[in-house]
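Structure first, commentary second.
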Amino acid sequence: MAALLFVAALGLALAFPRTDWDGVAWLVVAPVLVIALARGPRAALGWGWLYGTVFFLVLLRWLGFTFQVYSAIPWPLVWAPIAALAAYCGLYVGAFAAALSWIALRRSAALALAVSPFLWVAAEWGRGHFLGGFPWGVLGYSQYQRLPVIQIAELGGVHAVSFVLLAVNAALAGCLVLPWRSAGAGLALAAALVGATLGFGYARLGEAPRPGTVRIAVIQPAIDQPLKWDPSHAETTIGIATSLTRRAGAERPDLIVWPETALPTALRRDQRVLAALTELSRTLRVALLVGSIDVEAGTPPLLRNSAFLLTDRGIVGRYDKIHLVPFGEFVPLSGVIGFVRGWAEFISELEPGSGVVVFQGPPAPLGVVICYEGIFPDLVREFVKGGARVIVNMTNDAWFGRTDGPWQHLAMYPFRAVEHRTAVVRAANTGVSALIAPSGQIVRRLALYHRDTMSEPLPLREGSTLYSRFGEWLAYLAFAVGATALAACARARRA
């Protein structure tokens, strides 16, 4: 049994980038369901936890590079924080399996399988919000390349795709544990759901492209992390970014986007660099969106991770990152565990921004999410609600080297595009930079550590999707259905 779960968990991890064996995601959750239905809640919790922990340990293995290269943790111990994170994330799978087992024990296996997609979505949503949230490895993200499948994200977000995947896995599990009539009914319902999903997807993909575009260019300077903040390399770093900007400007874009913290200096405090970039914008006749650390006077000075919009008039807009990375940009419970700052050079202490800012242009209203922020659908939705017609993600994934991490990060952004039918522009220091259409199609991308530029005319968002208007309604429904099923089982036990 342990071997079966291990293989299934490994298969699920391989459904994500860069292996991208996305087809197995339709099959490999079924063993967890079967085992949960055959065991008591306590045993199901343990087996589900094992499955989830193995899945996340394999999925997040790229973090080993970050800890090994940029921390003082001895090599054999670099896996300790990764294992702890995997075990924490695995708990949500364990709780899902325990709930499934309890419903089957108190009511029936058929009811448990029927509500399993709701329970799974509720668990995923909880993991993405509790303790600040870590929505990495959401099941639906495995399908980022399957455009007909992911179009339903405009209805219920990435969790809608997770729901369909779980329904198929539940139907397959039902073939092993239910009488043939019930199993057949489950297969028929799952087939109808998949058919409706694909029908909706192909219909949306077949619609004519919308008028009204802007041409946006991206630069990918590919600066190795050890050099980014090296004072002796600062002029070279700025020179590379400036040269790429001039190259991108030759295509007459409406906006040129730099990556997160692309400047090795604080823009507002470095008048020489600010004047040079203002003149560059004037010469190229194009707005620049630049990532830089911002410094505010204080004792000690307050540091923020910021995006600046520049034109020939200088800085015309600024956004400070709201959702900081725990143990990357701040230390939770720093009064208790602040000592961990000395363990790794990637741990800093930044101040969060005060709220969402939508730049009114040029060239159009834009929302900028910095690095990790783009994996939180709720946060991106706030920019859309604020009027953004294009979403820009600027990031620095150089901390992850040439591992699967940057590719897994990229896989989440086609969903941000489909959720709101908006183009998404992604500028990454070392990659993977990408230009994504409102359909979720990755129109262009630059390979890891490839120093280059790219540009493309992209449509502006028009109107609102169901997800734009109502957000995570599917997750709330999932909680309601799961809670109702569990409450019914509790009443049955008392009776």
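Okay, residues lined up against (1) touching a residue at least 12 places away in the same chain (Cβ under 8 Å); (2) within 15 Å of residue 376 (Cα to Cα); (3) touching a helix residue (DSSP H, G or I) at 6+ places or on another chain (Cβ under 6 Å); (4) hydrophobic (A, V, I, L, M, F, W, C):
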site	(1), (2), (3), (4)
418	yes, yes, yes, yes
440	yes, no, yes, no
449	yes, no, no, no
454	yes, no, no, yes
464	yes, no, no, no
470	no, no, no, yes
* Asked: Of the residues that make up the stretch 420-431, is at least one among the basic types (Lys, Arg), over 22 Å from residue 126 (Cα atoms) and modelled with pLDDT of 95 or more?
  -> yes
* Considering each residue of the stretch 316-327, count those that are open to solvent by 60 Å² or more (accessible area, probe 1.4 Å) and at negative phi, and give that number. => 1
* Asked: Does the stretch 345-357 contain any residue that is under 29 Å from residue 216 (Cβ atoms), at pLDDT 95 or above and among the hydrophobic types (A, V, I, L, M, F, W, C)?
  -> yes
* Structure fact -> Counting only strands (runs of 3 or more DSSP E) wholly inside the stretch 212-300, the ones holding at least 1 residues that are open to solvent by 10 Å² or more (accessible area, probe 1.4 Å) are 213-220, 287-296
* To do: Identify the single condition in (1) more than 17 Å from the chain's Cα centre (by Cα); (2) within 22 Å of residue 186 (Cβ to Cβ) that residue 64 does not satisfy, given that it satisfies every other one.
  => (2)
* Asked: What residue, among those in the stretch 1-19 that are open to solvent by 40 Å² or more (accessible area, probe 1.4 Å) and assigned to a loop (DSSP other than H, G, I, E, B), is modelled with the highest pLDDT?
  -> 19
* What do you reckon, is residue 41 within 21 Å of residue 399 (Cβ to Cβ), open to solvent by 30 Å² or more (accessible area, probe 1.4 Å) and either out of contact with any Phe, Trp or Tyr (no Cβ under 8 Å at 6 or more places or on another chain) or not polar (S, T, N, Q) (or both)? -> no
* In the stretch 47-73, how many residues are outside any loop (DSSP other than H, G, I, E, B) and open to solvent by less than 40 Å² (accessible area, probe 1.4 Å)? -> 15
* To do: Can you tell me which residue among 160, 185 is free of Cβ contacts under 8 Å to residues at least 12 places away in the same chain and either within 30 Å of residue 323 (Cα to Cα) or surrounded by fewer than 24 Cβ atoms within 10 Å (Cβ to Cβ) (or both)?
  => 185
* Structure fact -> Residues in the stretch 373-403 that are open to solvent by less than 20 Å² (accessible area, probe 1.4 Å) and part of a helix (DSSP H, G or I) total 9
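The values are calculated or read from the model by the stated rules, or taken from the named source; none is laboratory data. Keep in mind that what you see is a predicted model, and the values were worked out from it rather than measured. Every residue, glycine as well, gets a Cβ built from its backbone with ideal geometry; the counts of neighbours run over all protein chains shown. Quick note on the areas: whole protein, heavy atoms, side chains included, nothing else; ligands and nucleic acids left out. Shrake-Rupley method; radii C 1.70, N 1.55, O 1.52, S 1.80 Å.
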